[in-house]
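The values are calculated or read from the model by the stated rules, or taken from the named source; none is laboratory data. Keep in mind it's a predicted model, so treat the numbers as computed, not measured. Cβ sites come from the backbone with ideal geometry, for glycine too, and all protein chains shown count toward neighbours.
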Amino acid sequence: MSGKGKEVKIEKLQKLDHETLERLIEIYMKAYEGMREYGGEGESYAKRYLRWCWGKAKDGFFVAKIGDRIVGFIVCDKDWYSKYEGKVVGAIHEFVVDKAYQGHGIGHKLMDKCLEYLRDTGRIELWVGEKNYGAIRFYEKYGFRKVGQHGIWIRMVLDTKKEINGKAD
Ligand code: ACO
């Protein structure tokens, strides 16, 4: 599916320059409007957090673009030590689509890219706000399941070898 009639491309982010960071912050802040408790306190938090994501998972930082405009992103980490799992797993640190483009299949395209990238990690972990029902439903459709809760955050996991595209190893 294409976002608003134009082709959506999924690309690895090449560099996090000032302009790109500002655009990602804008997408992030708008997407979490009305869910402030899950999206940080404000722009300076978002800036620090997105820089942290870039530093931690450069190879798995994918953006959705329509033309030259970034309309969403997903941050996928192949090397995340999960203290809950007691081992290194795959992780999705952040996943956001520009509010104006949500519901057009862009999230699915980003998630497909992410799952392909994290396919060999065996298990993928993510944390989602307990009342973020739309996102929880989205993840459940991919086979993620709730395995725990810490405060307002729900931990979800997906066993990749078993569940991604039914390609059991
Ligand atoms: N209302 C309705 N459906 C929603 C909603 C919502 N608020 N949020 C997500 N969905 C789900 C539906 O299940 C829908 O399912 P369908 O494909 O069967 O119709 C699906 O999303 C829509 O798919 P897309 O159009 O591909 O998804 P979209 O481009 O809207 O992106 C995303 C999904 C990234 C969750 C987007 O809604 C968003 O940015 N939300 C705000 C930020 C957020 O909550 N991110 C996840 C936080 S957890 C984390 O980052 C690890």
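For GLY90, indicate whether it is free of Cβ contacts under 8 Å to residues at least 12 places away in the same chain, in contact with a Phe, Trp or Tyr (Cβ under 8 Å, 6 or more places away or on another chain) and under 25 Å from TYR133 (Cα atoms). Lay out the reasoning, then the answer.
Working: free of Cβ contacts under 8 Å to residues at least 12 places away in the same chain: no; in contact with a Phe, Trp or Tyr (Cβ under 8 Å, 6 or more places away or on another chain): yes; under 25 Å from TYR133 (Cα atoms): yes.
Criteria not met by GLY90.
A quick yes/no check of all residues on (1) at pLDDT below 95; (2) within 18 Å of the chain's Cα centre (by Cα); (3) under 16 Å from MET111 (Cβ atoms); (4) charged (D, E, K, R):
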site: VAL8; (1), (2), (3), (4): no, yes, yes, no
site: ASP17; (1), (2), (3), (4): no, no, no, yes
site: TYR38; (1), (2), (3), (4): yes, yes, no, no
site: GLU41; (1), (2), (3), (4): yes, no, no, yes
site: TRP54; (1), (2), (3), (4): no, yes, no, no
site: ALA64; (1), (2), (3), (4): no, yes, yes, no
site: VAL71; (1), (2), (3), (4): no, yes, yes, no
- Residue set VAL71, VAL75, VAL96; condition under 18 Å from TYR28 (Cβ atoms), within 12 Å of the ligand (Cβ to nearest atom), surrounded by 21 or more Cβ atoms within 10 Å (Cβ to Cβ) and free of Cβ contacts under 8 Å to residues at least 24 places away in the same chain; output residue VAL75
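Out of curiosity, is GLU22 acidic (Asp, Glu) and within 16 Å of the ligand (Cβ to nearest atom)?
no
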- Collect the residues in region 47-66 that are among the small types (Gly, Ala, Ser) and under 28 Å from GLU7 (Cα atoms), keeping them in residue-number order. ALA57, GLY60, ALA64
- Task: Please indicate, with yes or no, whether at least one residue in region 138-161 is under 17 Å from HIS108 (Cα atoms), more than 17 Å from the chain's Cα centre (by Cα) and modelled with pLDDT under 95.
- Result: no
- Within the group LYS83, LYS58, LYS47, LYS87, which residue is under 14 Å from the mean Cα position of the chain (by Cα) and surrounded by fewer than 17 Cβ atoms within 10 Å (Cβ to Cβ)? LYS58
- Item | First in region 104-122 and at pLDDT 95 or above, second anywhere and in a helix (DSSP H, G or I) and among the hydrophobic types (A, V, I, L, M, F, W, C), Cβ under 7 Å, 6 or more apart | GLY107/PHE138; LEU115/ILE164; ARG119/ILE164
- Item | Set ARG137, ARG119: member being farther than 22 Å from THR20 by Cβ and within 12 Å of the ligand (Cβ to nearest atom) | ARG137
- Message: Please determine whether any residue of region 39-62 is in contact (Cβ under 8 Å) with a residue 24 or more places away in the chain, away from the ligand (no atom under 11 Å from the Cβ), of a type in the set (A, V, I, L, M, F, W, C) and assigned to a helix (DSSP H, G or I).
- Response: yes
